[in-house]
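A short write-up of the structure that comes next.
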Amino acid sequence: MPTELIAMGRLVIGTLRDLAPIVLVVAFFEIVVLQQQVDNLGTIAIGLMFVMLGLAIFIRGLEMALFPLGETLAAAFAKKGSLIWLMLFSFGLGFGTTVAEPALIAVANEAAEVMAKGGAIDDDEVTRDGYSTALRYTVAVSVGVSLIIGVTRILLGWSIQYLIVAGYLGVVVLTAFAPANIIGIAYDSGGVTTSTITVPLVTALGVGLASVIKGRNPMIDGFGLIAFASLLPILFVLMFGIVVGA
C-alpha cells in the first residue's frame, strides 16, 4: 500500500507539471492580454484539481490494468497459433474500443446536428440519431479493419511506410469525389478515434504481439497500429459520405 501511494504521489506531481504550461498560457492571455477579471476562481481551481487527480488516476489505471491486459491477451493468442481467433480479437478490440470512445460519440452527435441544420438530412431526432449511429459504426468498423491490417503487418514483417503512403494516396483520391460537407468530418474522425480508450489497448496489442513473435522487434514492429487506426477512419468516412450522398 505505501508503494502504491508513493507511485500515485509521483503521478500527481507529474500531472501537475504537465498541466502547468496550459494553466500559465491561459492565465497570461486572460489577465495580461485580455485584461479580464477571472470569475469563479475558486471553482476553476477545484476543477483543475479534479482534472489533475483524474489524469493521475487514469494513467495509473492504464499501467495497472489496460497495458498488461492487452499485452497478455496478444501474447496468448500468438502462442495459441490461431490466426482466425487473433484476427477476430483484433477486429473486436478495435471495434469495441472505438464505439465506446467518448470523443467519437461527441463528434458524431455534433456532425448529425450540423448536417440537419444544413439541410443535408431531415431535422428530426430519429434521423439525427440514425446518422450519428451510422457514422460511429462506420468509424468503429474502420478501426477494426485497421487493426487486422496492422496485425498482419507485424506477422508478415511488412514495411509500414508503404502502407501509410498508399493509404493517404487513397484519401487524396476519395477527397476529390466525396461531398464537401463530409470531408472535414472524415479528417477529424481519424483524430477522435485515437483517444483515451483506444490508444492504450491498441498500443499494448502491438507491443505484446511483437514481443512474442520470433524475429520481431517490439520497438520497430510493435508500434504503428495507431497510425492505421487514424488513417482508415478517414477513408471509410469519405466512402460513407459518397454512399449516403452527405
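The values are calculated or read from the model by the stated rules, or taken from the named source; none is laboratory data. Nothing here was measured: the structure is a model prediction, and the numbers come from that model. Please note: Cβ atoms are built from the backbone with ideal geometry, for glycine as well, and neighbour counts cover all protein chains shown. Side chains are part of the model used for accessible areas, which takes the heavy atoms of the whole protein and leaves out ligands, DNA and RNA. Shrake-Rupley method; radii C 1.70, N 1.55, O 1.52, S 1.80 Å.
For ILE220 and LEU156, what does the FRET efficiency come to when R0 = 22 Å and r is the distance between their Cβ atoms, rounded to the nearest 0.05?
Calculated transfer efficiency: 0.95.
Taking the Cα centre of the chain as origin and charging only Cβ (+1 Lys, Arg; -1 Asp, Glu), how large is the dipole, in debye to the nearest 20?
Dipole of the chain, to the nearest 20 debye: 1120 debye.
Packing-wise, with mean Cβ within 10 Å as the measure, how do 93-100, 118-125 rank, highest first?
93-100, 118-125
For the chain, what D do you get in µm² per second when you plug the Kirkwood radius from alpha-carbon pairs into Stokes-Einstein at 4 °C and 1.567 mPa s?
Reported coefficient: 64 µm²/s.
What length, rounded to one decimal in nm, is gained on full extension from ARG17 through to TYR137, with 0.36 nm per residue of separation minus their alpha-carbon distance?
Gain on extension, ARG17 to TYR137, equals 39.5 nm.
Tell me the label-point distance for the pair VAL212, SER195, using the 7 Å Cα-to-Cβ offset, in nm and rounded to one decimal.
In this crude spin-label approximation the distance works out to 3.1 nm.
Ignoring everything except DSSP H segments at least 4 long, calculate the 222 nm mean residue ellipticity for the chain; use -39,500 (n - 2.57) per segment, divide by total residues, nearest 500.
So the calculated ellipticity at 222 nm is -27000 deg cm²/dmol.
Using alpha-carbon pairs under 8 Å, 6+ residues apart, how would you state the relative contact order of the chain in percent?
In percent, rounded to a whole number, it is 25.
Which FRET efficiency, nearest 0.05, do VAL172 and LEU83 yield, Cβ-Cβ r, R0 41 Å?
So, using R0 = 41 Å, E works out to roughly 0.80.
What is the set of long-range amide H partners of ILE121 at a cut-off below 5 Å, with H atoms built 1.01 Å from backbone N?
Those lying under 5 Å, H to H, from ILE121 are ALA116.
Can you send over the carbon and sulfur percentage of the accessible area for the chain, probe radius 1.4 Å, protein chains only?
Percent of accessible area from carbon and sulfur atoms in the chain: 71.
Normalized C-alpha radius of gyration of segment 142-246, against 2.2 N^0.38 Å?
Segment 142-246 yields a ratio of 1.14.
How much accessible area per residue does the chain have, counting only protein heavy atoms and a probe of 1.4 Å, in square angstrom?
Accessible surface, normalised per residue, equals 55 Å².
What list of ³J(HN,Hα) values in whole Hz, one per residue of segment 185-199 in order, does the Karplus curve 6.51 cos²θ - 1.76 cosθ + 1.60 (θ = phi - 60°) give from phi, with Gly and Pro shown as x?
Computed from phi, the couplings for segment 185-199 are 4, 4, 5, 5, 4, x, x, 6, 6, 9, 10, 4, 8, 5, 4 Hz.
Grab the beta carbon distance between LEU48 and VAL244, set R0 = 35 Å, and tell me the FRET efficiency rounded to 0.05.
The computed FRET efficiency comes out at 0.25.
Considering all projection directions equally, how large on average is the shadow of the alpha-carbon convex hull of segment 1-109, in square nanometres?
The number I arrive at for segment 1-109 is 11.0 nm².
What lysines sit close enough to LYS214 to cross-link, taking a C-alpha to C-alpha distance under 21 Å and skipping anything fewer than 8 places away on the same chain?
Within the straight-line cut-off, LYS214 pairs with LYS79, LYS80.
Of the candidates THR203, THR15, THR43, which one comes out as most mobile in a Gaussian network treatment of the chain with C-alpha springs shorter than 10 Å?
THR43
Given the options LEU209, LEU53, LEU163, state which has the largest fluctuation in a GNM of the chain using a 10 Å cut-off (strictly under) for Cα springs.
Comparing LEU209, LEU53, LEU163 in a Gaussian network model of the chain, the most mobile one is LEU53.
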